[in-house]
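See below for the structure under consideration.
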Amino acid sequence: MVGGGRDAFIGGVHRMAARLDGKIDLVAGAFSANAEKSRLSGEDLGLDPKRVYANYETMAKTEASLPEDQRIDFVSIVTPNNTHFPVAKAFLEAGFNVVSDKPMTFDLAEAIQLRDLVKRAGKVFALTHNYTGYPMVKEAREMVRKGELGKILKVVAEYPQGWLSQPSDSWRTDPSTSGASCAVGDIGTHAENLGRYITGLEIEELCAEFTTFVSGRKLEDDANMLIRYRGGAKGVLYASQISVGEENDVNIRVYGTKASLEWHQEHPNELIVKYQDAPRRIFRRGNPYVSDVAKKFTRLPSGHPEAFIEAFANIYLEAARAVEAVKAGKPIPPDIDYPTVEDGVLGMAFIATAVASANNGSTWTKFVSA
């Protein structure tokens with residue numbers, strides 16, 4: 001792992017998720033840009049001090065020099081946005097597979113470079129858009145794929161939070177570390193990725209309005225946008241970090257000609273399906289009536305809630321399957337289901353398009369080519 005040292009929330013989430021299924025062990029890391037903090041973090045985690053590094057460059061070089069049966073199989077990157085690309089580049093060029101937190105890179109140019117690096121290296125690259133890991137999100141995608149909703153007409157995706165409603169010194173509001181966007185880059189990408197994952201729709205153009213409500217903040221803390229998809233469907237996306245009282249209610253509604261569906265991350269075990277001429281139905285994770293795909297990513301029987309850690313773990317579990325295949329010299333199984341470098345590029349293109357629209361007076365802007 002690179003990043004995720006003492007006091008880092010998301011690093012702990014990644015570690016718990018990776019270990020959940022007993023297929024992955026944490027054996028090495030550069031846990032902080034501060035060498036002493038990295039050392040102490042390694043102590044906290046009970047690691048061999050020789051495998052705890054002062055920086056990621058030393059880690060990549062040293063791990064690559066170890067015998068193949070002793071070195072790491074992949075690296076997990078849980079650092080601020082501006083370091084995702086150089087860390088991924090260092091490990092890919094050293095011959096390692098990569099799992100990275102999102103957004104994939106600092107900007108679109110880096111994302112395109114990283115896609116080329118992944119192709120040249122022939123390694124696994126998984127991006128932790130963890131909301132795609134929920135069983136009922138996968139059930140929603142299966143319903144769309146099977147035509148149960150009919151032709152998709154409208155997609156409404158929302159991600160409201162309230163934690164930035166007051167001044168904060170978070171790196172996420174600093175353009176030098178976060179990139180060109182705060183609310184859209186941090187959480188809006190999750191909403192966009194969720195819509196694309198479930199529906200398969202591709203954005204043709206969008207109209208975005210960014211607002212910075214907290215005085216002195218350099219990046220937007222609220223964003224609203226209208227979306228036109230290829231094929232004629234319309235969309236609404238709202239990402240806000242100043243919505244007081246909201247926690248992490250990323251949610252999506254997909255409306256088709258036959259039916260619609262609704263899913264809320266704060267109630268992740270339920271998928272609501274609605275009809276014009278019949279009662280609505282509520283599908284619950286862990287029951288025998290859900291699709292085989294949803295069953296595959298379900299660990300507990302019905303009535304025993306699964307949530308955030310398990311969704312993350314599903315990404316790691318699929319990445320581990322891909323890494324095992326690559327190590328064995330076999331092709332990656334076709335049923336592997338995790339966000340790839342292509343998803344990362346599209347996510348960065350989404351951010352770039354939204355920023356361009358907002359900066360140009362909220363005009364309709366063609367989706368940036370990637």
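The values are calculated or read from the model by the stated rules, or taken from the named source; none is laboratory data. Remember, predicted model here, so these are calculated numbers, not experimental data. So basically every Cβ, Gly included, is an ideal-geometry build from the backbone, and we count neighbours across all protein chains shown. Remember, those area values only see protein heavy atoms, side chains included, never the ligands or the DNA or RNA. Shrake-Rupley method; radii C 1.70, N 1.55, O 1.52, S 1.80 Å.
Quick notes
- Helix 35-44 and the long axis of the chain differ in direction by around 80°, with both axes built from C-alpha atoms.
- Principal-axis tilt of helix 341-359 within the chain, Cα atoms, nearest 10 degrees: 60
- For the peptides 23-34, 276-287, the ranking by packing is 23-34, 276-287, with the highest mean count of neighbouring Cβ atoms within 10 Å listed first.
- Ordering I203, A140, S291 by the projection of their Cα atoms onto the charge dipole of the chain, which places +1 on the Cβ of Lys and Arg and -1 on the Cβ of Asp and Glu, puts S291 at the extreme positive end.
- Per residue value of the accessible surface for the stretch 208-347 (all protein chains in place, 1.4 Å probe), Å²: 49
- Total charge dipole magnitude, the stretch 191-317, about the Cα centre, Cβ charges on Lys, Arg, Asp, Glu only, Debye to nearest 20: 600
- For the stretch 56-143, the number of Lys pairs separated by eight or more positions or lying on different chains, with C-alpha atoms closer than 20 Å, is 8.
- Considering helices alone, the calculated mean residue ellipticity of the chain at 222 nm is -10500 deg cm²/dmol, with DSSP H runs of length four and up weighted by -39500 (n - 2.57) and normalised per residue.
- Shape class of the stretch 1-111 from the alpha-carbon gyration tensor: rounded, with the ratio a/c of largest to smallest axis under 1.5.
- Relative contact order %, the chain, counting alpha carbon pairs below 8 Å whose residues are six or more apart: 20
- Amide H contacts for L127 (H built 1.01 Å from N in the peptide plane; partners 5 or more residues away or on another chain; cut-off under 5 Å): S100, T340.
- The stretch 129-189, accessible surface, carbon-and-sulfur percent (1.4 angstrom probe): 50
- GNM flexibility winner over the chain from G245, G150, G256 (Cα, springs under 10 Å): G245
- Sequence-separation-based contact order of the stretch 132-242, relative, with Cα cut under 8 Å and 6+ spacing, percent: 34
- Cα-based helix-to-principal-axis angle, 189-199 vs the chain, degrees rounded to 10: 60
- Label of the coordinate-derived value, Rg/Rh (Cα atoms, Kirkwood Rh), listed as (1) 1.10; (2) 1.03; (3) 0.96: (3)
- Averaged over its residues, the stretch 44-87 has an accessible area of 51 Å² per residue, based on protein heavy atoms and a 1.4 Å probe.
- DSSP bridge orientation in the chain - percent antiparallel, rounded to nearest 5: 65
- Apportionment of accessible area to carbon and sulfur, the stretch 193-291, percent (1.4 Å): 47
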